[in-house]
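K.L.:
Following this message is one structure expressed as structure tokens.
The values are calculated or read from the model by the stated rules, or taken from the named source; none is laboratory data. Note that the structure is predicted; figures quoted are calculated from it, not measured. Positions of Cβ are generated from backbone atoms using ideal geometry, with glycine treated the same way; all protein chains shown enter the neighbour counts. When the accessible area is computed, the model is the full protein with side chains, heavy atoms only, and any ligands, DNA or RNA have been set aside. Shrake-Rupley method; radii C 1.70, N 1.55, O 1.52, S 1.80 Å.
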Amino acid sequence: MPYHLSVRIDPNSGFCFGVIYAIQMAEDLLDEQGYLYCLGDIVHNDEEVQRLEGRGLRIISYDELAGLRDEAVLIRAHGEPPSTYQMALENNLTLIDASCPVVLKLQNRIKTSFDRKDQIFIYGKHGHAEVRGLLGQTGGAAVVFENLDELLSHELPANITLYSQTTKSTDSFYRIKGELEQRGYQVNANDTICRQVSNRDKDLRRFAAQFDQIVFVSGTKSSNGKVLYQVCKETNPATHFISRTDELCAEWFQPGQSVGICGATSTPMWLMEQVRDALLQL
């Protein structure tokens, strides 16, 4: 029995401009030279990485970078610490820098702040590519924390300089700031969250409320995907997380239902279109 679902893709979902810029740069170079090294996954989406690998992209680790000589290497949108640029000089590597401008601006602010001897705390995910780049601006001296409890487990100075990974939730950031101030700390809060990302929060709530079911498409490595999936789930409990079309389950749906498809800033539009086509064939 056909399901006759009505399906719509969220027009505000999909790649942010930083990711679009990095992938466009990679595709242009792949067209020119047939292969290109990239330090780490160009985007936290396995399907998109596989597509680009099929065109000649070679994902390398830091260990592999250390052994590479006389090649061109793409720096992805997340940015890199100073040590990566230093290694590139030593190994005669040409860095093609696709660092997101929002991330670069944040790196500069943290470096300036660190040079002023501020005690820096970064709201972000341990080990995340962007956070590694931010931490590198302070020679590893800044404190990274993922939530308020973790922050409070540190011995905190009276004056706290607060920064955030660009893809964190603005609400959470300001809650942390408020809680610290209530506890008597002086907080110099630098809201460095990318508005193209944070505005999706409100857009997604509006979108998710309009449908019987929501299919949220994202790679499992995407921090932003985890945050936005929760936003959808809070708004519409009938929200399902998938990374690929073959993870769709027909049992989730009833005939004639409306289904909204949305995704993270690292989810390619072609993947959401594949999900739409698969749903329309149910």
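K.L.:
Every residue in region 146-170 that is under 20 Å from C194 (Cα atoms) and more than 17 Å from the chain's Cα centre (by Cα), please. Quick ask: steps written out before the conclusion?
P.N.:
Step one: of region 146-170, the residues under 20 Å from C194 (Cα atoms) are 146-147, 161-170.
If the condition is that a residue be under 20 Å from C194 (Cα atoms) and more than 17 Å from the chain's Cα centre (by Cα), then N147, T161, L162 are the ones that fit.
K.L.:
I need the full set of residues from region 52-70 which are out of contact with any strand residue (DSSP E or B) (no Cβ under 6 Å at 6 or more places or on another chain) and either surrounded by fewer than 16 Cβ atoms within 10 Å (Cβ to Cβ) or not aliphatic (A, V, I, L, M) (or both), in order please.
P.N.:
E53, G54, R55, G56, S61, Y62, D63, E64, A66, G67, R69, D70
K.L.:
Something else now. Could you list, ordered by first residue, the pairs with Cβ atoms under 9 Å in which the first is in region 45-67 and over 22 Å from T84 (Cα atoms) and the second is outside any helix (DSSP H, G or I) and basic (K, R), at least 6 apart or interchain?
P.N.:
Pairs found: N45/K221; D46/K221; D46/R244; E47/R244.
K.L.:
Could you check D212 against (1) among the acidic types (D, E); (2) surrounded by 15 or more Cβ atoms within 10 Å (Cβ to Cβ); (3) out of contact with any strand residue (DSSP E or B) (no Cβ under 6 Å at 6 or more places or on another chain) and say which number it fails?
P.N.:
D212 satisfies all of (1) among the acidic types (D, E); (2) surrounded by 15 or more Cβ atoms within 10 Å (Cβ to Cβ); (3) out of contact with any strand residue (DSSP E or B) (no Cβ under 6 Å at 6 or more places or on another chain) except (3).
K.L.:
Which residue, of L74, L39, is open to solvent by less than 10 Å² (accessible area, probe 1.4 Å), under 24 Å from A264 (Cα atoms), out of contact with any Ser or Thr (no Cβ under 8 Å at 6 or more places or on another chain) and in contact (Cβ under 8 Å) with a residue 40 or more places away in the chain?
P.N.:
Working: L39 fails: out of contact with any Ser or Thr (no Cβ under 8 Å at 6 or more places or on another chain).
Going through L74, L39 in turn, the sole match is L74.
K.L.:
Would you be able to tell me the number of residues in region 179-198 that are open to solvent by 30 Å² or more (accessible area, probe 1.4 Å) and farther than 23 Å from C16 by Cα?
P.N.:
9
K.L.:
Of everything in region 164-178, what is in contact with a Phe, Trp or Tyr (Cβ under 7 Å, 6 or more places away or on another chain) and open to solvent by 30 Å² or more (accessible area, probe 1.4 Å)? Give them in sequence order.
P.N.:
Within region 164-178, the first condition is being in contact with a Phe, Trp or Tyr (Cβ under 7 Å, 6 or more places away or on another chain), and the residues that meet it are 164-165, 168, 173, 176.
K168, the sole residue that qualifies.
K.L.:
Of the numbered conditions (1) aliphatic (A, V, I, L, M); (2) at pLDDT 95 or above; (3) open to solvent by less than 20 Å² (accessible area, probe 1.4 Å); (4) under 30 Å from Q24 (Cβ atoms), L135 satisfies every one except a single condition; which is it?
P.N.:
Of everything listed in (1) aliphatic (A, V, I, L, M); (2) at pLDDT 95 or above; (3) open to solvent by less than 20 Å² (accessible area, probe 1.4 Å); (4) under 30 Å from Q24 (Cβ atoms), L135 misses just condition (3).
K.L.:
Now, a different point. Give region 77-104 a look and list any residue that's polar (S, T, N, Q) and either farther than 15 Å from E130 by Cα or open to solvent by less than 20 Å² (accessible area, probe 1.4 Å) (or both), or say none.
P.N.:
In the first step, residues of region 77-104 are kept if they are polar (S, T, N, Q); the result is 83-84, 86, 91-92, 94, 99.
Scanning region 77-104 gives T84, Q86, N91, N92, T94, S99.
K.L.:
Something else about it: Given (1) under 20 Å from T167 (Cα atoms); (2) free of Cβ contacts under 8 Å to residues at least 60 places away in the same chain; (3) open to solvent by 20 Å² or more (accessible area, probe 1.4 Å), identify the lone condition not met by A278.
P.N.:
Among (1) under 20 Å from T167 (Cα atoms); (2) free of Cβ contacts under 8 Å to residues at least 60 places away in the same chain; (3) open to solvent by 20 Å² or more (accessible area, probe 1.4 Å), A278 violates only (1).
K.L.:
Would you kindly identify the strands (runs of 3 or more DSSP E) lying entirely within region 174-270 that contain at least 1 residues that are of a type in the set (G, A, S)?
P.N.:
186-189, 258-263
K.L.:
If you go through region 105-128, how many residues are buried (at least 22 other Cβ atoms within 10 Å of the Cβ) and either in a helix (DSSP H, G or I) or among the aromatic types (F, W, Y) (or both)?
P.N.:
4
K.L.:
Of the conditions (1) open to solvent by less than 70 Å² (accessible area, probe 1.4 Å); (2) touching a helix residue (DSSP H, G or I) at 6+ places or on another chain (Cβ under 7 Å); (3) within 19 Å of K221 (Cβ to Cβ), G260 clears all except one; give me its number.
P.N.:
Condition not satisfied by G260: (3).
K.L.:
Scan region 162-181 for residues that are of a type outside the set (S, T, N, Q) and touching a strand residue (DSSP E or B) at 6+ places or on another chain (Cβ under 7 Å) and report the count. I'd like the intermediate steps shown before the answer.
P.N.:
Kept after step one, since they are of a type outside the set (S, T, N, Q), are these residues of region 162-181: 162-163, 168, 171, 173-181.
Still in the running and touching a strand residue (DSSP E or B) at 6+ places or on another chain (Cβ under 7 Å): 162-163, 168, 173, 176-177, 180-181.
Counting residues in region 162-181 that are of a type outside the set (S, T, N, Q) and touching a strand residue (DSSP E or B) at 6+ places or on another chain (Cβ under 7 Å) gives 8.
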